[in-house]
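Taken together, the values in this text are just the output of simple stated rules run on the coordinates, not laboratory data. In this text the structure is predicted, and so the values were computed from the model without any measurement. Quick reminder, even Gly has a Cβ in these numbers, built from the backbone with ideal geometry, and neighbours come from all protein chains shown.
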2 protein chains.
Amino acid sequence: MEETADMMNSNFKLNNRDRAVLMKTPFLSSLTGNSLVRMMSTMSVISLANRKSIFREGENADAFYCVLSGYVRLYQLNRDGREADIRICSPGDTFAECLLYGGTKYRHHAQTAEATTLARFDMQAVRDLAEQERDIAKAVITSLSKHLITTMDCVANDRLHTAPQRVANYILTRCPVDGGPASIRLPFQKNLLAGMLGLAPEALSRAFSTLRRTGVTVRGRVIQVGDVQALREI
Amino acid sequence: MEETADMMNSNFKLNNRDRAVLMKTPFLSSLTGNSLVRMMSTMSVISLANRKSIFREGENADAFYCVLSGYVRLYQLNRDGREADIRICSPGDTFAECLLYGGTKYRHHAQTAEATTLARFDMQAVRDLAEQERDIAKAVITSLSKHLITTMDCVANDRLHTAPQRVANYILTRCPVDGGPASIRLPFQKNLLAGMLGLAPEALSRAFSTLRRTGVTVRGRVIQVGDVQALREI
DNA sequence: ATCTGAATTTGACATCGATCAAATCTGCGA
DNA sequence: TCGCAGATTTGATCGATGTCAAATTCAGAT
């Protein structure tokens, strides 16, 4: 049976783009020399097609991951079996690294949301390394700190802002800072953006149409903003 | 001018209960000998009356804190000036420790929600210590990991469950595991519970009255559960 | 270029939870 | 014990968002 490259599970060398993403991760960006080598040696590269399961809630947590390309959805099921996204991981994001010292089982389901390349780190190996090498411990701390901050921001965003405000915030984080017009391109399906913002896809769609009044035009994945400053007022 | 003990800001020795809480913190529970001593020496104890500000959003983050007794509310203001609680910290909880490596400014307001005793850790001192002492770095990692997990659970809870479900979950976490009847006492005002669960106080009140159908009786701070098992089904 | 299944939008509706106001209740100090 | 101030509950209402179904658009494969 033949498989396409997308479907394959490979340990081959990183391509340049993936390598660049990996090196900018808080996890690796501060490492040099020996620490970097040892860290890389605990790692393998995995490529998965769209909608493949990476792990399931309750499974034994023996690895954590960094997204190199593509996207990963972390989600849980409620009592009725409906899925709710907890987090959408983009290239450069690390997930399940909190289980290094926080528990032994995965706490949600993880699934690719596109063809995706992951760096897989062996949990126990990194645990051991962190105890030996100061700079690895520090890298872990930095990574956890940043992750914690974005997660708290997520809670704040959910509790503080309405759907159009969340969307406006998202757009603003990807716009140039000056006040004029701007144009951005979503790097993924609206589906995923909805999940990031804690919205149903329909609610996202309606939020966009609310923002039309504020000079936001959406065509496919391209979002045009008439006046960035005006968007801040929302 | 005289102040009552409650209003005072003191560096006196810890009382036994506060010391016990402090030592069970993920931050200190794993430390021994020299590390423990050095960590304690970066710390001071602060007592504050109800509703005192600890820090404000945007201020320079030069300390993080651990709650020894009382409660602390972390909140933000939305555009209309309304407050939304991001997190309620109970005895044993640490807050703002993510700024050890995650940034230099506080990201929300922090205010006591009762007469409260805090352990205050100097940010730079702990940063330095963590780089010197392996077990302190490990303690930081453990603390951040656990904090990250509870914060992700908070997101999941907000996105997955209705108000009565959140309240039921909260009650269940403080009930004995077996299925029979149980009685618990809230350790704080309903106000705070509402903030923890991301609800308006009125919504919490209504959630309780919804749960009456499931055999939950509320009188003041005392909550009686007819059948713990039934509560799980909600 | 066309086709086809998936993604997105739109409409109609139901529900949840926030909000504001008023009524109670509670605990604490006089 | 009485009286307040603050906390909590209740009522009424509104707005925001989830849900389901149908229409439409989009993107990738042939």
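Summary of values
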item	result
Residue-averaged 222 nm ellipticity for the protein assembly as shown, from DSSP H runs of 4+ at -39500 (n - 2.57), nearest 500	-12000 deg cm²/dmol
Charge dipole magnitude, Cβ of K and R +1, D and E -1 - the protein assembly as shown, Cα centre, debye nearest 20	860 debye
Relative exposure of B:233, A:131, judged by other C-beta atoms within 10 Å (fewest first)	B:233, A:131
Likely footprinting exposure, B:112, A:162, fewest C-beta neighbours within 10 Å first	A:162, B:112
Fewest-first ranking of A:186, B:197, using other Cβ atoms within 10 Å as the exposure measure	A:186, B:197
Gap separating the Cα centres of the range A:126-151 and the range B:44-115, nearest whole Å	24 Å
Cβ charges +1 (Lys, Arg) and -1 (Asp, Glu), total dipole of chain B, debye	600 debye
Other-copy label distances relative to residue B:127, 7 angstrom Cα-Cβ extension, nm	3.0
Gyration tensor verdict on chain B (Cα atoms; rounded if a/c is under 1.5, prolate if a/b is larger than b/c, oblate otherwise)	prolate
Separation in nanometres of the label points that stand 7 Å from Cα toward Cβ, at residue B:209 and residue A:132	6.3 nm
Theoretical gain in end-to-end length, residue B:79 to residue B:124 [0.36 nm per residue, Cα-Cα removed]	12.9 nm
Global geometry of the range B:73-132, whether rounded, prolate or oblate, following the gyration tensor of its Cα atoms and the 1.5 cut on a/c	oblate
Those aspartates and glutamates that a straight Cα-Cα span of less than 15 Å connects to residue A:146, excepting residues fewer than 8 apart in one chain	A:93, A:97, B:97
Position residue B:41, label points 7 Å along Cα→Cβ, spacing to each other copy in nm (shortest first, one decimal)	3.7
Positive-end residue, chain A charge dipole about Cα centroid, Cβ charges, pick of A:226, A:36, A:26	A:226
Shape call, the protein assembly as shown: gyration tensor on alpha carbons, a/c limit 1.5	rounded
Charge dipole of chain B about the Cα centre (unit charges at C-beta), most positive-ward option of B:96, B:147, B:84	B:84
Axial C-alpha extent at least 24 Å, average Kyte-Doolittle at least -1.0 - helices from chain B (DSSP)	B:134-160
